[in-house]
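Some notes on the structure that comes next.
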Amino acid sequence: MGTAQPQLDIRALQASWQKFDTMAHLRPIHSEIEYDRMVAMMNSLLDVAGDDEEHPLSGLLELAGDLVSRYEQEHHAIGPASPRDALRFLMEARGLKQDDLRAVVPQSNLSAILAGKRKISATMAGKLGKFFGISPAVFVPT
């Protein structure tokens, strides 16, 4: 047998909720204004509770984070980058010039790829993946 659930005092809950809701307004996010407010609240909670899972506000922080995450997934999702854009990003992030990849990709092919005039072949994707230490799938169009 399990332990009996305590009786829920709806009137006390309603009074407490009204006070809490006036301060936190914790509910699903439906607009950018609500999103900005919830992110601000989440950041304030992070400043106080940090990553202390035992902090009295950690549950509220987790709820706010879940609401923000759900809204971001629905409204701020970032689509996958094209293979060319991924290559350009990796080169810029690592401070590489086209000449730095000459052992992997012939200069004329690389110029054509970066200009959007040529696709990255499966063989080339494998070489680029090995060169950058990432999955070659990054360079294969979806």
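The values are calculated or read from the model by the stated rules, or taken from the named source; none is laboratory data. Everything numeric in this text was worked out from a predicted model, so none of it was measured. Positions of Cβ are backbone-derived with ideal geometry, glycine not excepted, and every protein chain shown enters the neighbour counts.
Pairs only if they're at least six apart or on different chains, beta carbon under 9 angstrom, first in the range 105-122 and surrounded by fewer than 14 Cβ atoms within 10 Å (Cβ to Cβ), second part of a helix (DSSP H, G or I) and among the basic types (Lys, Arg); list them, first residue then second.
Taking only residues 6 or more apart or on different chains, the pairs are ALA115/ARG84; GLY116/ARG84.
Residue check: is GLY2 modelled with pLDDT under 90, part of a loop (DSSP other than H, G, I, E, B) and closer than 30 Å to PRO141 by Cα?
Spelling it out, it is not the case that GLY2 is modelled with pLDDT under 90, part of a loop (DSSP other than H, G, I, E, B) and closer than 30 Å to PRO141 by Cα.
Quick check on my filter: what residues within the range 27-56 are surrounded by 13 or more Cβ atoms within 10 Å (Cβ to Cβ), among the hydrophobic types (A, V, I, L, M, F, W, C) and within 11 Å of VAL68 (Cα to Cα)?
ILE29, MET38, VAL39, MET41, MET42
Quick one: which helices (runs of 4 or more DSSP H) lie wholly within the range 39-134 and hold at least 1 residues that are at pLDDT below 90 and under 30 Å from ARG27 (Cα atoms)?
By residue number, 58-75.
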